[in-house]
Amino acid sequence: AQSVTQPDIHITVSEGASLELRCNYSYGATPYLFWYVQSPGQGLQLLLKYFSGDTLVQGIKGFEAEFKRSQSSFNLRKPSVHWSDAAEYFCAVGSGNTGKLIFGQGTTLQVKP
Amino acid sequence: DVKVTQSSRYLVKRTGEKVFLECVQDMDHENMFWYRQDPGLGLRLIYFSYDVKMKEKGDIPEGYSVSREKKERFSLILESASTNQTSMYLCASSSAGTSGNNEQFFGPGTRLTVL
C-alpha cells in the first residue's frame, strides 16, 4: 500500500539558515509527489509538485524539492529561511488512478529570530 | 483566482446534534474531498466524490455522511455529533481524471468543537 513518512515531527531553525524537510514514500509505480504548506489557522497551499522529468523541482516562496527514486525520497529545501516560513508542511503522494492524495503526518517548522 | 470556501471557520456544537459542514468550489472541479486533521495524524480522508450524487468512503467514514447534489457543493454531515469528532475539517477539490497527478485545492478549514 502507498504511504508517506515525514520522519521529523518538529524542526526549529534560525532565520537565515538553510532548511531541509524529509519525505519518504512507498509507491509501486512512478509517483506523483506534492509538498503543501499550512500557515496557522489556514488551509493547505501547494508549494510544488513532481510528475516527471527534471528531478529538481522549483516551487513558490523560494522552495525546491528533489526526487530521488533510489532513496524513495522527495525532500523539501530552502537555502535561507524567513520568519514567515513558520508553518506546518505536508508531503503527499498521488494514489494511482483514484485522484486521491496520501499525506504524511506533517512537519511543524519553527523559525528562531 | 481559484477558490474553495467553507461555510464556517469555527463551530461549536453539543453532543448528539446534527452538524452540517458545507463546502463550495468555483473551479468547476469534478472531484471533491473531505479530510479530518488532528495533531500528529496528518490529514485523513473521510469521504470523496467524483461526480454529482456519487460518493465513496475514505479511510475514516464512520460517524459521517456526505451529500453532493450540485457539482460545486459538497456537504459533510455528522448525524449525531460526539466529542471525539472535535477536529479541524478541510475540504478540497481537484479536476477530473483518475491519475494521481491531480493537484487538490483546499478551503480554509472549519474547526469544530463538540461539547
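The values are calculated or read from the model by the stated rules, or taken from the named source; none is laboratory data. Given the structure is predicted, the values throughout are model-derived calculations rather than measurements. Cβ placement follows ideal geometry from the backbone for every residue including glycine, while neighbour counts extend to all protein chains displayed.
Mind listing whichever residues of the range B:16-28 are touching a residue at least 60 places away in the same chain (Cβ under 8 Å) and surrounded by fewer than 12 Cβ atoms within 10 Å (Cβ to Cβ)?
Answer for the range B:16-28, where residues must be touching a residue at least 60 places away in the same chain (Cβ under 8 Å) and surrounded by fewer than 12 Cβ atoms within 10 Å (Cβ to Cβ): B:Gly16, B:Lys18.
Results for (1) touching a helix residue (DSSP H, G or I) at 6+ places or on another chain (Cβ under 7 Å); (2) more than 8 Å from chain A (Cβ to nearest Cβ), shown as yes or no for each residue.
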| residue | (1), (2) |
| --- | --- |
| B:Leu45 | no, no |
| B:Gly63 | yes, yes |
| B:Val66 | no, yes |
| B:Leu78 | yes, yes |
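Looking only at the range B:29-54, which residues are farther than 20 Å from B:Thr5 by Cα and either within 12 Å of the chain's Cα centre (by Cα) or surrounded by 18 or more Cβ atoms within 10 Å (Cβ to Cβ) (or both)?
Scanning the range B:29-54 gives a single hit, B:Gly42.
Which numbered condition in (1) facing chain B (nearest Cβ under 9 Å); (2) over 21 Å from A:Thr55 (Cβ atoms); (3) of a type outside the set (Asp, Glu); (4) not in a loop (DSSP other than H, G, I, E, B) is the only one that A:Gly41 fails?
Evaluating A:Gly41 over (1) facing chain B (nearest Cβ under 9 Å); (2) over 21 Å from A:Thr55 (Cβ atoms); (3) of a type outside the set (Asp, Glu); (4) not in a loop (DSSP other than H, G, I, E, B) leaves (4) as the failure.
Working only within the range B:10-23, note down all residues that are more than 16 Å from the chain's Cα centre (by Cα) and assigned to a strand (DSSP E or B).
Listed by number, the residues that qualify are B:Val12, B:Lys13.
Check every one of the strands (runs of 3 or more DSSP E) wholly within the range A:56-113 and list those with 2 or more residues that are closer than 28 Å to B:Asn31 by Cα and more than 8 Å from chain B (Cβ to nearest Cβ).
A:56-58, A:64-68, A:73-78, A:87-95
Determine whether the range A:85-108 contains at least one residue that is in contact with a His (Cβ under 8 Å, 6 or more places away or on another chain) and surrounded by 14 or more Cβ atoms within 10 Å (Cβ to Cβ).
Yes: the range A:85-108 contains one or more residues that are in contact with a His (Cβ under 8 Å, 6 or more places away or on another chain) and surrounded by 14 or more Cβ atoms within 10 Å (Cβ to Cβ).
Keeping to the range B:69-105, report how many residues are among the charged types (D, E, K, R) and under 13 Å from B:Phe20 (Cβ atoms).
3
Would you pick out the residues in the range B:10-49 that are of a type in the set (Gly, Ala, Ser) and farther than 18 Å from B:Gln85 by Cβ?
B:Ser49
Of the conditions (1) within 12 Å of the chain's Cα centre (by Cα); (2) modelled with pLDDT under 95, B:Pro61 satisfies every one except a single condition; which number is it?
Checking B:Pro61 against (1) within 12 Å of the chain's Cα centre (by Cα); (2) modelled with pLDDT under 95, the one that fails is (2).
Just to be sure, is B:Glu56 of a type in the set (D, E, K, R) and touching a residue at least 12 places away in the same chain (Cβ under 8 Å)?
No, not satisfied.
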